[in-house]
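Scroll down for the structure; my scribbles are underneath it.
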Amino acid sequence: MHRRTALGGALTALATAAAGVLVAAAVSTAPAAAAAGGTGTGYLHTSGSKIVDSTGATVRLTGINWFGMETDNKTFHGLWSSNPWRSQLDTMARLGYNTLRIPYSNDALKAGATATGINDFVNPDLIGLSPLQILDKVIDYAGSKGMRVILDRHRPTSAGQSPLWYTSTVSEATWINDWKMLAQRYAGNTTVIGADLHNEPHAEGTNPAATGACWGCGDTARDWRLAAERAGNAILGVQPNWLIFVEGVSCPSGGLSNVWDNDPSNDEDCGWWGGNLSKAGQFPVRLSVANRLVYSPHEYATSVYRQAWFDDPTYPANMPAIWDKYWGYLYKQNIAPIMMGEFGTTLQDPKDKIWLQNLMAYTGTGVNGMSFTYWSWNPNSGDTGGIANDDWTTINQPKQDILTPYLIPPTGGGGTTSPSPTGTPNTSPAPTTPPPPVTGGCTATYKQINSWSGGFQGELTVKNTGTAAVNPWSATWTWPSGVTLASGWNATVTQSGTTVTAAAPAWASSLAAGASVTVGFTANGSAATPGGVKLNGAAC
């Protein structure tokens, strides 16, 4: 979304909403009694207006966007901050975001692409990695926390948005082939659940000389609905388990209305870039694999563009009918699920707070509500700001307070302790029940991965050499005075004095007989080998 500022302000719409329309009822807020929490089990598919997991349980994606891979940096923004990348994901999961939407450009996928803007001191494990290799690590860690990932082809190049899914330098074939490559790369990885095919197709040119993305016009060079079918089916040919997320357009004709010609017959009702799915009921996207289609509109507030409806005398009572018209009908008529891929605001205008509160109420509470991914985690989105503050560590509490009642945290968890919303350390006490003793013994192997002035990175592998599983497991070790933990992963890693404890994460609490676990960490101070390693109190 942030790219709109670079384009000089957003949108096309001069839509008018008739005053006095009936306010549509919000989506049912009663959660299904048998529905699963978190993000479900296995791959996801659709059933009417629901997203369901491999067991048939209803899943609601309540996620967030973390952008940067679509920019010149070709990787996540905020890696330049003092907050390690894993800690940022820890915070997202702790706050209740169970899905990560990751924008990218095709430039980031090219052979030889280089990721820039990374603080090597804070993120030494990313040194020398390509954009795709960093993406692999983020997906792996997000999955370990129970989060799901949606990949978003945000731009053809890092230079900026495009109204169509192809440009003079990035062909439709490149667009589709890159999608097939990603589908193959993550085949079998149930963390990655689908493809948001192209971000914010929109109108260009003045009608009747339209040159932008249309919906249902039948022109294969401009009809976004037909292009979505071609790309979606190509992806499903490689990875039939993925969901295919299809955004709307801005004006179904693909062109801007000439409001100065005094001819109202040419004046079209338009909406946000990517936000107008009003023709999807008449011209649905047809995919080769059933139950894979999710419509994904975008919706914004006055900090992006002051649409006419914000100044309607009935505001905000006029908004549900507008949302119904553009995309909500697809959900309410049980045609397909809605996953609102982007929505956000700076909250600087009082109308924007009202907008966000009413929009969230419209989506419904509980697992039966519409899915969404908020724009954005990043504080450097020019016309919305982020959930993270400028330090990339503390959070914007007023925004989070509005979203929290609608968030369904991921199941699983772990990782390092994360900052609380005020930025103070999370000092939740450890469980008072001691872990069970090891029956047998253990071995420990240490590997130093990297070091730098003032810190180092290591991996400690602990093997259960006993005859029975240890559940839950907990490893401890000591460091010399002056060595302090910076971050940890594959366990909940904490430090008290010179003793470090790596407690089993919820998603992998048991360590079977003969099995090993590798705990990764970064630390401040002179490089030191963990000493006195124990598994549940038994020396290794």
_From the convex hull of the Cα coordinates of segment 222-347, what is the mean projected area in square nanometres?_
9.3
*Given +1 on the Cβ of Lys and Arg, -1 on the Cβ of Asp and Glu, and no further charges, what dipole in debye does the chain carry about its Cα centre, rounded to the nearest 20?*
1560
_Between segment 264-335 and segment 172-205, how far is it from one alpha carbon centroid to the other, in angstrom?_
22
_If I fit a long axis through the Cα atoms of helix 85-95 and take the longest principal axis of the Cα atoms of the chain, what angle between them do I get, 0 to 90°, rounded to 10?_
70
_Rolling a 1.4 angstrom probe over the protein chains, ignoring ligands and nucleic acids, what is the accessible area of residue 206 in square angstrom, nearest 10?_
70
*asked:* Filter 110/447; 110/145; 50/325; 351/399 down to the pairs with a C-alpha to C-alpha distance above 22 Å, please.
replied: 110/447; 110/145
*Within the P(r) computed for segment 184-224, what percentage of the Cα pairs occupies the region above 17 Å?*
48
*Give the residue from 283, 347, 411 lying farthest towards the positive end of the charge dipole for the chain; charges sit on Cβ (+1 for Lys and Arg, -1 for Asp and Glu) and the dipole is referred to the Cα centre.*
411
*Dipole magnitude of segment 255-380 about its Cα centre, charges +1 at Lys/Arg Cβ and -1 at Asp/Glu Cβ only, in debye to the nearest 20?*
640
*Any idea which of 57, 106, 96 is furthest toward the positive side of the dipole for segment 57-153, if Lys and Arg beta-carbons carry +1 and Asp and Glu beta-carbons -1?*
57
_Apply the Karplus curve 6.51 cos²θ - 1.76 cosθ + 1.60, θ = phi - 60°, to the phi angles in segment 174-179 and return the couplings in whole Hz, x for Gly and Pro._
5, 4, 6, 5, 5, 5
*residue 357: net charge of surrounding residues, Cβ under 12 Å, Lys/Arg +1, Asp/Glu -1, itself excluded?*
+1
*To the nearest 10 square angstrom, what accessible area does residue 141 show with a 1.4 Å probe?*
10
*Percent accessible area from carbon and sulfur atoms, the chain, protein chains only, probe 1.4 Å*: 53
*Specify the angular offset, from 0 to 90 degrees and rounded to the nearest 10, of the alpha carbon long axis of helix 350-363 from the longest principal axis of the alpha carbons in the chain.*
80
*Rounded to 5, percent antiparallel among DSSP beta bridges of the chain*: 60
*From Cα coordinates alone, what are the radius of gyration and Dmax values for segment 64-192 in angstrom?*
14.4, 43
*If you work out Cα extents along the principal axes in Å from the coordinates, which of (i) 94, 57, 38; (ii) 83, 50, 44; (iii) 98, 64, 41 do you get?*
(ii)
*Hey, can you find the accessible area per residue of the chain for me, probe 1.4 Å, expressed in square angstrom?*
36
*How large is the dipole of segment 42-200 about the Cα centre if only Lys and Arg carry +1 and Asp and Glu carry -1, each at its Cβ, rounded to the nearest 20 debye?*
360
*Amide hydrogen neighbours beyond the local backbone of residue 157, cut-off 5 Å, H modeled*: 106
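The values are calculated or read from the model by the stated rules, or taken from the named source; none is laboratory data. Remember, it's a predicted structure, so these values are computed and weren't measured experimentally. Glycine gets a Cβ as well: all are built from the backbone with ideal geometry, and neighbour counts include every protein chain shown. What goes into the accessible areas is simple: the full protein's heavy atoms, side chains included, and nothing from ligands, DNA or RNA. Shrake-Rupley method; radii C 1.70, N 1.55, O 1.52, S 1.80 Å.
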